[in-house]
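First the structure, in the form of structure tokens, and then the observations on it.
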Amino acid sequence: MKSVAALLLVGMLILWTELPTGTRCSTWSCPPVRITCALHNPPNQCYTDRQCPRSKKCCPTFCGRKCLSRKSTLPI
């Protein structure tokens with residue numbers, strides 16, 4: 001019985017670590033990257049959204065990760 005409780009606790013801890021923190025919740029996602037550069041280790045300006053200003057998001061670009069802002073969409 002103790003081993004079942006231990007396994008359940010470990011499973012819950014694993015799921016808990018995978019949950020987003022909710023502090024930097026954004027409603028938009030990064031644009032798709034269709035072309036990648038030939039650099040083996042491209043320079044990155046950021047690694048997580050927390051390293052970017054509040055209105056920007058850390059996204060992969062064609063050559064490294066950068067803080068991007070959401071593109072404004074104008075109704076046509």
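General remarks:
- The slack in the chain from A6 to R70, taken as 0.36 nm per residue of separation less the alpha-carbon distance, amounts to 18.7 nm.
- Reachable lysines, given that their alpha-carbon falls under 16 Å from the alpha-carbon of K71 and they are not under 8 places away in the same chain: K56, K57
Bear in mind these aren't lab numbers, they're just calculated from the coordinates by the rules spelled out. Keep in mind the model is a prediction, meaning the values are calculated, not measured.
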